[in-house]
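What follows is a set of notes on a single structure, which appears directly below.
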Amino acid sequence: MSARMAGARTLFFKPAARSSSRPVEPGERWLFGLGMGGIALFLALFVLLPLGALFLRSLYDRDGVFVGLANVVAFLETPTLVRSVVNSLSLSLLTTLITVTLAFLYAFCLTRTQMAGRGLFRLLAQIPLLAPSLLPAIALVYLFGNKGILRGLLMGETIYGPIGIVLGEVFYTFPHAVMILTVALSTSDARLYEAAEALGANAWKRFLTITLPGVRYGLISAVFVVFTLVITDFGVPKVIGGSTNMLATDVYKQVVGLQNFGMGAVVGLVLLLPAVLAFIADWYGQRRQMALLSARSVPFQPRVNPLGDRLAFLFCALVGGLLLGLLAVAGFASIVTFWPYNLTPTLANYDFAQFDAAGWSSYGNSLILAFWTALVGTVVVFTGAWLVERAPGRAAMKGLVRLMAILPLAVPGMVLGLAYIFFFNAPWNPLGGLYHSMAILVLATVAHFYTVSHLTAVTALKQLDAEFEAVSASLKVPVWTTFLRVTVPLCIPAILDIAIYFFVNAMTTVSAVVFLYAPDTKTASVAVLNMDDAGEVAGAAAMAMMIVLTSAGVRALHALLSRALQARTQAWRRR
């Protein structure tokens, strides 16, 4: 999931971009139909059918005997599993309240004040996106664990449980909420504030009557995005949850620990339910959203307020400092000899072979996974979005593909990975050869993060006039030539965004691949999990930092590449 889905999600429910009136040659129509069918088949094979297999597996016991709803009854009669539901809901709600409140204040400071360093604070807010969710949990262990340097601040409480889960999840979900709320707060009509001020409304009254109503749908999106991310996250509760059971970790325990696939399927379906409900509620809220700006609107520009700007700077410096500090703790822990007794710097923790049999190959596998996910995902997603939005075809078929493209957004990675076990590992499935291969990791990651990338591509394509195709047809230019020489260059910024989104998420994801890897395809994020399970926390911190450094380096390279390519292909945007 990502903040891009807020607002953009409504694209599914809007009419497609105006199709061109160009005549379609029989060969081109055949090509369009084949491409549309290929995208539909991809989404069916790697999203719909695995979820169907998950549902069917929930009707069988661990020996493969059909038991109907007996697993559901057993789930409801198991106190620890029911307690997991209560824990997941309560901690997710608490985390959502804290995260959205902090993110709203942070976004408000970025958009509604003239404080110094706003660009820097925007970058600091994105730090958690570069790391797997395991990293904040590891850092919290070093700070507040049994040997943590700040454990006294907890006043006798333990970090291994609800406190650690909430703190780790706040770090993990904060940037998603900030991105949504920054967009919401950036859209405002200055005339409303001028009129309110002229009528004598004070700052607090203007905030309650103009600002809050104007961003209510952004707040709704932020709430449901954060709630869904927390209740489906596996990394933080796995590392720092202690004896506090959560639904995501229960899926892992039932499948990996107890080999009870039937009960694991039931827990997976239970985990899927709140994510789907949050998705539907968010969609309903977005459907009711109305435009806040018109052609006559005046963009809001905050005024200089010395006291307010200083307070905003202090707040953002505190929050940004905590984000950077948690990352710095993990980085420092990865280079000390023996925490906390010998703090001499060393690179021995980066000799991963002493902690994990796979050694550096796990990191290499992550690079391979991220590269192929970015390449395959970008090609499939952009081509699929182009076929849906620009190619002629039946409206019913396009609507079906749009629906299937939106569906992965509501499916947690843990649930998707579990569904792949039941579908691709089935003896009757001719695609069973994909199981435990690098290909299945790539395809699972592409499917997991398909929706946000699809919406990004659709947004870019909707900005292009369909007359490009009509003019090309009048010049007898083949449709694929127009696609490669006109559409792709014009959409280069969106294509690069899609590629970097796939790459970074492939580097950091745990839940989508934890059930699918083999010893020779283990990824860096899974190696972090395994090393932490084995008590090799220093090695886990070092591997997590390698993921962060790689993600940051690729993002920097992406920025340079974007600037270079846009200089060649986007000159028309400059006056």
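What follows is calculated from the coordinates using simple rules that are stated; it is not laboratory data. Since the model is a prediction, treat every value here as computed from it, not as a measurement. Positions of Cβ are generated from backbone atoms using ideal geometry, with glycine treated the same way; all protein chains shown enter the neighbour counts.
Annotations for the structure displayed:
- Neighbour counting of Cβ atoms within 10 Å sorts the residues Arg57, Arg216, fewest neighbours leading, into Arg216, Arg57.
- For Leu48 and Ala556, the difference between the fully extended length at 0.36 nm per residue and the C-alpha to C-alpha distance is 179.3 nm.
- Net +/- balance of residues flanking Thr113 in space, Cβ distance below 14 Å, scoring K and R +1, D and E -1: +4
- Annotation: peptides 553-563, 367-377, ranked by per-residue average of other Cβ atoms within 10 Å with the highest first, follow the order 367-377, 553-563.
- Cut-off 17 Å (backbone N to label point 7 Å along Cα→Cβ of Arg29), residues of segment 395-424: 395-398
- Residue-by-residue Karplus 3J(HN,Hα) for segment 56-63, coefficients 6.51, -1.76, 1.60, Hz, glycine and proline x: 5, 5, 5, 8, 10, 8, 5, 8
- Comparing Cα centroids, segment 55-78 and segment 95-164 end up 40 angstrom apart.
- Residue-wise HN-Hα coupling along segment 529-542, computed from phi with Karplus coefficients 6.51, -1.76, 1.60 (Hz; x: Gly, Pro): 4, 5, 5, 5, 4, 7, x, 8, 5, 4, x, 5, 5, 5
- Cα-based equivalent ellipsoid, segment 36-138: semi-axes from gyration tensor eigenvalues, Å: 42, 24, 12
- Per-residue 3J(HN,Hα) values for segment 430-447, derived from phi via the Karplus relation 6.51 cos²θ - 1.76 cosθ + 1.60 with θ = phi - 60°, read x, 8, x, x, 6, 4, 6, 9, 5, 4, 5, 5, 5, 5, 5, 5, 4, 5 Hz in sequence order (x marks Gly and Pro).
- Sorting Glu169, Glu536, Glu389, Glu77 by the number of Cβ atoms found within 10 Å of their own Cβ, with the fewest placed first, yields Glu77, Glu536, Glu389, Glu169.
- Sorted by Cβ neighbour density within 10 Å, fewest at the top, the residues Trp386, Trp480: Trp480, Trp386
- Around the amide H of Val336, modelled in the peptide plane, lie the amide H atoms of Thr346, all under 5 Å away and 5 or more residues distant in sequence or on another chain.
- Amide H contacts under 5 Å for Tyr60: Val67, restricted to partners 5 or more places along the chain or on a different chain, H placed in the peptide plane at 1.01 Å from N.
- For segment 68-115, the convex hull drawn through the C-alpha positions has a volume of 72 cubic angstrom per residue.
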